[in-house]
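A.B. asks: Quick one: the structure is below, and I'll ask about it shortly.
What follows is calculated from the coordinates using simple rules that are stated; it is not laboratory data. Keep in mind that what you see is a predicted model, and the values were worked out from it rather than measured. Here the Cβ positions follow ideal geometry from the backbone for every residue, glycine too, while neighbour counts run over all protein chains shown.
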Amino acid sequence: MTLLDIVTLPNKILRTRAQPVTKYDAQLQLLIEEMIETMRDAPGVGLAAPQIGQSIKLTVIETLAEIDEDGNEIEDSRDLYVITNPEIVWTSRETVDGIEGCLSIPGYLGEVERYESIRVRAQDRHGKKLKLRLEGWTARIFQHEIDHLNGVLYIDRLTGMENFWTEEEFDALHESGEEE
């Protein structure tokens, strides 16, 4: 497998609405495998095709591992999603603020308000239709990645410019307890 280069700002592809996936061929399957490997290597929890220079509606998402009472990752507790042509078809009224980063905006974090629960209609890596009900952190990741497919970045959804930090600034705030 090949690790792919991750596109960063100000590359214009990050601000372009991606095109639907229409061919579910061997070339797409190879791209998906390379995206998964690249996401894991980065490391990240999601990677959209525009982030690797491909303007198609494809994203890979891997949820965070569950942690046992000793603080260790539970093996095989991550869920891997490969979705094409996703559309958010329902959102909860409840929203929640959370801290996000992005592989295409390295070194920065920001607070973003997202829906607590969503429903997504999409297709899998082979074109089969999917309906997903998502909540919490998984819903946040999906919203972030679907935004990428529409040319929207998390920095466009910040709760305020005062809630945008370098990783070092955020760590310093977190250590001092000021961000609570």
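A.B. asks: Pairing the Cα long axis of helix 167-176 with the longest principal axis of the chain, what angle in degrees results, from 0 to 90 and rounded to the nearest 10?
C.D. replies: Result, in degrees: 40.
A.B. asks: For mean projected area of the Cα convex hull in nm², the choices are (1) 9.3; (2) 11.4; (3) 20.7; which was calculated from the structure?
C.D. replies: (2)
A.B. asks: Given an 8 Å cut-off on Cα distances and at least 6 residues of separation, report the relative contact order of the stretch 12-176 as a percent. Mind showing how you got there, number by number?
C.D. replies: Working: 295 pairs, mean separation 39.5, N = 165.
Value for the stretch 12-176: 24 percent.
A.B. asks: Could you pull out the trypsin sites (Lys or Arg not before Pro) across the stretch 61-142 that fall in loop regions by DSSP (anything but H, G, I, E, B) with no more than 16 other Cβ atoms inside 10 Å? It would help to have the intermediate numbers written out before the result.
C.D. replies: Details: sites: ARG78, ARG93, ARG114, ARG119, ARG121, ARG125, LYS128, LYS129, LYS131, ARG133, ARG140; in loops: ARG78, ARG93, ARG125, LYS128.
Of the trypsin sites (Lys or Arg not before Pro), the ones in loops of the stretch 61-142 whose Cβ has at most 16 other Cβ atoms within 10 Å are ARG78, ARG93, LYS128.
A.B. asks: Pick from ASN85, ASN11, ASN72: which residue has the top mean-square fluctuation in a GNM of the chain where Cα pairs under 10 Å get a spring?
C.D. replies: Result: ASN72 has the largest fluctuation of those listed.
A.B. asks: Report, in deg cm²/dmol and to the nearest 500, the calculated mean residue ellipticity at 222 nm for the chain, where each DSSP H run with n ≥ 4 adds -39500 (n - 2.57) and the sum is divided by the residue count. Mind showing how you got there, number by number?
C.D. replies: On the way: 3 runs with 40 residues, N = 180.
Calculated from helices alone, the mean residue ellipticity at 222 nm is -7000 deg cm²/dmol.
A.B. asks: Same structure again: Nearest 10 degrees, 0 to 90: what angle lies between the long axis of helix 136-149 and the longest principal axis of the chain (Cα atoms)?
C.D. replies: So the helix axis and the longest Cα principal axis differ by about 60 degrees.
A.B. asks: Which of LEU130, LEU30 has the fewest other C-beta atoms within 10 Å, and how do the rest follow up to the most?
C.D. replies: Numbers: LEU130 15, LEU30 12.
Exposure proxy ranking, most exposed first: LEU30, LEU130.
A.B. asks: Can you list residues from other chains, or at least 5 along the same chain, whose modelled amide H is less than 5 Å from the amide H of ILE56?
C.D. replies: GLN19
A.B. asks: Can you tell me how the stretch 81-180 classifies by the Cα gyration tensor, rounded, prolate or oblate, using a/c under 1.5 as the rounded cut?
C.D. replies: Details: a/c = 2.65, a/b = 1.94, b/c = 1.37.
Here the stretch 81-180 falls in the prolate category.
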